[in-house]
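See below for the structure under consideration.
No lab work stands behind these numbers, since they all come straight from the coordinates. Since we're looking at a predicted model, the values are computed, not measured. Note that we place each Cβ from the backbone using ideal geometry, even for glycine, and neighbour counts take in every protein chain shown.
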Amino acid sequence: MEIMKTLLAFIVLWPLVGFLVNGLGRNYFSKKRIAFYASEQIFASFIASIIVFILIKNNGAQGDITYFNFIHIGKLIIPFAFKIDQLSAIFLLIITGIGFLIHVYSAAYMQQEEQAHYGRYFSYLNLFIFSMLLLVLGANYVIMFIGWEGVGLCSYLLIGFWFKNDNYNYAAKKAFIMNRIGDLGFLLAIFWMIAKLGTANYSDVFSNVSQLSTTDITAITILLFIGAMGKSAQIPLYTWLPDAMAGPTPVSALIHAATMVTAGIYMVARSNVLYSLSEVAQNLVAITGLVTALFAATIAIKQNDIKKVLAYSTVSQLGYMFLGLGVGAYTGAVFHVMTHAFFKALLFLGAGSVIHAMHHEQDIRKMGGLKKYLPITHITFLIGCIAISGIPPFSGFFSKDEILAAAYAHNPVYWGIGVATAGLTAFYMFRLYATTFLGSFRGTPEQAHHLHESPSAMTIPLIILAILSVVGGLVGVPESLGGHHALHQFLSPVLLTEVKYETTHSTEYMLMGLSVAIAATAIVIAIVTYSKKPQISNSTGVGKLLENKWYIDELYDAIIVKPLGSLASFLKNVIEKSGIDAAVNGVGKLVNYSSRQLRLLQNGQVGGYILLMVLGMIVIVLIWVNDGYIYRFLMNLFFAK
Amino acid sequence: MNAIILSALGGIVMMFTGIFTQNKIVIKNIAIITLLLLLIGNLLHFYGIYMLHVDVKDMLQFNNFGLFFNTIAFTSTLIYFLLSGTDITKVGINVAEYFALIFFVLCGVSILTSFHNLLMLFLGIEILSIPLYILTGADKKNLKSNEAALKYFLMGSFSTGILLMGIALLYGASGNFSIESVPSTTSKVAEMANSSILTPLGLLFVFVALLFKVSAAPFHFWVPDVYDGAPSVFTSFMATIAKAVGFIAFIFLFESRIAELGPSSRIIIPFVIILTLLIGNITAVFQQSVKRMLAYSSIAQAGFMLFVLYSNNDISSEGILLYSVAYSFATIGIFAILIKMKDYTFEGYNGLAKKEPLIAAANTIFLLSLAGIPLTAGFFAKYYMLLSAIKANGQNALWLVIVAVLFAAVSVYYYFRVIQAMYFKEGNPEIATTNTSFKVILLALAAIIIFIGLFPTVVLNFLYF
């Protein structure tokens, strides 16, 4: 227990120290030192996380680890405590492990930045890891919320990292504001819990859940889910994530693919006790996830920016995870978080490698034929594409299959839409792959001349992630395929087991075969269509609709932003100017006016003064002669009983 | 007893000093040393060490509360001497006499913090007032100073008349001068008159006379003219030490007898408080001269101190001490700077922060304290007064507190005008040269104000040691 307490403190504090040191010393340290120090801090946390994981695996989870009382007001006590169990241990590994790889990758990718900005970049990254660790380690919703806000802040800072570009700043603001909308829901959920139960500790909330009425549970879970919608980019709060691609590519890989956006999944999985008790909330989660998955996949088909395709793909995959949560496949969702972290980080870093080689060109229409120039990037990217498409035995297959199987048991329609989405996913991923790596090069000769494979600091993380993308699924091989689902057993103390559905092995085989067949067909079509004749011109009809992302941004602008803007200008020009300002200035004018009048009493004549004093005395004596009559009169007037 | 004897002796010493030397610096230093002795003598009283044993026949009674106020008054005077001592010597040629008169005022203060008899109250007020009349006219060749002195004297006499009338009525009712309520039927006057009316009417007259001394409305008319006309260094003294003691006299007299005024006291006191706050704050807004603004602000501050009569409980007694400290220290500091200025208008302060950053900073702290901004002593002073009103028994005081806070908000306007002039306006203020020790003492004073603003209980703990 004591070992655990110390270990966890160090795991969290190392990145924080890294943030402080690099943040304060960014003008003094060399780039090499900054990169080394930042990565080394995360590596230390990673090693400690492995030890923690092994301890948990062997000894099982223990109670909360309290450091001090964070808030103590009246009866409400919110401890600064960590909860380390199987679920948080897995997230620890993902965050610090992938975090470390991305730190290493960034050291090379960001090499062209100035020294001070380089230091700023790494200090933000460390701060992000710190906040993310707080988020998953917190033993109550308040600590989670601190981490939740911290990652939101870092996301904002890193999206707007190149702050000289105004569009990037708008993207950063958009992300922050969209997240704040979700945060409001999260906050309200916390308040609701505290109001009803007087505590926000996971263990206390879950063990006292019987004290809550169904309405309370539904309200709390839906409010929590609104928070998750913002952070994990679900409809209707997803539009910030594609714009967030304005940040440096490693940031997109770390924050906007592997870790931060899965915070919503973590939160819902953590609260699985509550969600299982609310049918309404579960259905809401499942349908939102399903719609988002399909919707984002359709948009991804027509995007031409390499990072945008990946961004919409992330939104779509997050939708899958929520579908899993909604149908009660908590383990499946967490499993998909893990495999998705591997292959999506891989894809983003691969895209980063391409962008690096192309000198910050992101439009895939100007690429093509990169296969021979970037061999390592090509192979690893291809592995990522296969993994995300769900082709066995790559990792994506197992996690996606688990979610789809649960969805089928819940409602075959869910399964149908899910499989269609899987087909779309395979299609747009291989469209991306074919347009980028196959065919002939379509860029300028200047670019062609400079094409080169990235340095080893970038390719090694790619290779590691590629290996993980291939074998990562093996921890969750279902029984029907002769495995015994190690992950499932590992997580069973934390996550409720899905006993709701029973499918025979033969049904499972059929489902798997069908989804694999659809994915494979989509891959073939995509490669055939786009490797020779990639689409260069703009689309028309439905294609145009998709290319413009269903005009959702424009829709939001018209129905939310514009009315709010006109309301604001009404308040500013009418209410503020002629209401509040007038009142404030009026009081000032009144005081000034009375000042001028009262001043006249002071005329300098002693006789006049004495007269006024005598009058004052007479008034006082008159009040006194009334012997309390006026007092009683006034009291009756104002405080009548 | 020590304080009364020593301050009277100090006055005499200073008068004789004037015969033997004309050296202003020597005179000033002797005054400071005498004042230190007075301060020590007063502190010794706490430990029961007396210079003389005089049987005062219960006419005077000493308690920690009064002695502590003496300490505050003497300390304030010491700071005042240190900051403005040189300026006192510049008012005219009879330097030693100014110091002597100040010591006599302190003698009056000492009596007013220990009287237990109406005669002593009268004596104390007169001993306090007469030197002030003279100090007001100290600048003999200045017409304004002379006019102010005459006005002060005339109106002061008027109030003394009221005081004597009140004392006479009280004597008539009870047959003695004790300030305690002694129901007596032995008095023939009382038998003849309707005795029930003599006591409250007498108290009411004394009440009005004291209101005059503490410059509460509607008996404040002398204040702006006198404060404005008097030499600035003496205004500083008048507005602080000589005024705060009026409230102590109020407490001694009315602590137990306020009820005898009858239920109407519950409307008379809020009436006076609101009128004082209104006239003080509102009129200050339009003033062009900082000195005159400070005169009105001193009326406004009196409005807050009057809460001590309204709530009349332990918190208010502690609060009035804290208020005296906060108000006296800040006002002495502001006046010490004002005296150095050539132009007393707000424009005269324009750009002071650029020319004398330290002085401007200290001035800002003093002004913030007067305005009652947190982290300064003035905040807790106001806080305690308002708290006492809320906690007062059986009185629904919330509305009065709200009114007071609103007027405090108005006061921010005119205090901040000075800060605005110092920091945000361009100008070339003419300020007399100041030496380092002046600045050091000024900053120390500002530091004390902030310290009290952080740890107000440090001051109050003195009361119980």
Note, ³J(HN,Hα) from phi for region A:338-344, Karplus 6.51, -1.76, 1.60, rounded to Hz, x at Gly and Pro: 5, 5, 4, 4, 5, 6, 6
Kindly state, as a whole number, the per residue volume in cubic angstrom of the convex hull around the alpha carbon atoms of region A:549-602. 43
With an 8 Å Cα cut-off and a minimum separation of 6 or more residues, compute the relative contact order for chain A in percent. 11
Quick check for me: using +1 on Lys/Arg Cβ and -1 on Asp/Glu Cβ, what's the dipole size of region A:549-602 about its Cα centre, in debye to the nearest 20? 460
Would you compute the Debye intensity of region A:1-55 from its alpha-carbon atoms alone, equal scatterers and no solvent, and pass along log10 I(q)/I(0) at q = 0.20, 0.21, 0.23, 0.28 Å⁻¹ to two decimals? -0.69, -0.73, -0.81, -1.02
Wrap a convex hull around the Cα atoms of region A:331-547, take a quarter of its surface area, and give that in square nanometres. 13.3
Taking a crude spin-label model, label points 7 Å out from Cα along the C-beta direction, the A:SER203 to A:ALA558 distance in nm is 5.4
What net charge is computed for the residues neighbouring B:LEU163, neighbours being all others with C-beta under 11 Å from the C-beta of B:LEU163, Lys and Arg scored +1, Asp and Glu -1? 0
Within a 10 angstrom radius of the beta carbon, how do A:THR66, B:THR457, B:THR113 rank from fewest other beta carbons to most? B:THR457, A:THR66, B:THR113
For region A:305-426, diffusion coefficient by Stokes-Einstein and Kirkwood Rh (Cα), 37 °C, 0.692 mPa s, µm²/s: 219
Of the options B:ASN117, B:PHE74, B:PHE62, report the single residue whose Cα projects farthest towards the positive end of the charge dipole of region B:30-151 (beta-carbon charges: Lys, Arg +1; Asp, Glu -1). B:PHE74
Rounded to the nearest 10, the angle in degrees between the Cα long axis of helix B:290-305 and the longest principal axis of the Cα atoms of chain B comes to 30
For region A:5-162, calculate the relative contact order in percent as a whole number, restricting contacts to Cα pairs under 8 Å that are 6 or more residues apart. 30
Point-charge dipole on Cβ atoms (K/R +1, D/E -1) for the protein assembly as shown, about Cα centre, debye to 20: 1940
For the protein assembly as shown, what's the radius of gyration and Dmax over Cα atoms, in angstrom? 41.3, 128
Give a residue-ordered list of calculated ³J(HN,Hα) values for region B:91-99 (Karplus: 6.51 cos²θ - 1.76 cosθ + 1.60, θ = phi - 60°; whole Hz; x for Gly, Pro). 5, x, 9, 8, 4, 4, 5, 4, 5
What shape does region B:263-465 have by the C-alpha gyration tensor, where a ≥ b ≥ c are the square roots of the eigenvalues, rounded means a/c under 1.5, and otherwise prolate means a/b greater than b/c and oblate the rest? oblate
Answer rounded, prolate or oblate for region B:1-256, using the Cα gyration tensor with square roots of eigenvalues a ≥ b ≥ c: rounded when a/c is under 1.5, else prolate when a/b is larger than b/c, else oblate. oblate
Could you work out how far apart the two model spin labels at A:GLN211 and B:HIS53 are, taking each label as a point 7 Å from the Cα in the direction of the beta carbon, and quote it in nm? 7.1
In nm, to one decimal, how far is the modelled label at A:ASN165 from the one at A:GLU361, with both set 7 Å along Cα→Cβ? 1.6
How far, in degrees from 0 to 90, does helix A:86-109 lean away from the longest principal axis of the Cα atoms of chain A, to the nearest 10? 80
If you take the beta carbon distance between A:THR521 and A:ILE73 as r and set R0 to 56 Å, what does 1/(1 + (r/R0)^6) give as a FRET efficiency, to the nearest 0.05? 0.40
Checked region A:238-318 with the C-alpha gyration tensor, a ≥ b ≥ c its square-rooted eigenvalues, rounded below a/c of 1.5, otherwise prolate if a/b is larger than b/c and oblate if not; verdict oblate
Amide H to amide H under 5 Å from B:GLN22: which residues, 5+ apart in sequence or cross-chain, H placed 1.01 Å off N in plane? none
Using the Karplus curve 6.51 cos²θ - 1.76 cosθ + 1.60 with θ = phi - 60°, what ³J(HN,Hα) values do you get for each residue of region A:276-289, in whole Hz, with x for Gly and Pro? 5, 8, 10, 4, 4, 5, 4, 5, 4, 4, 5, 5, 4, x
Please give the helix A:306-326 orientation as an angle from the longest Cα principal axis of chain A, in degrees from 0 to 90, rounded to the nearest 10. 80
Below 8 Å between Cα atoms, with a sequence gap of 6+, how large is the relative contact order for chain B in percent? 14
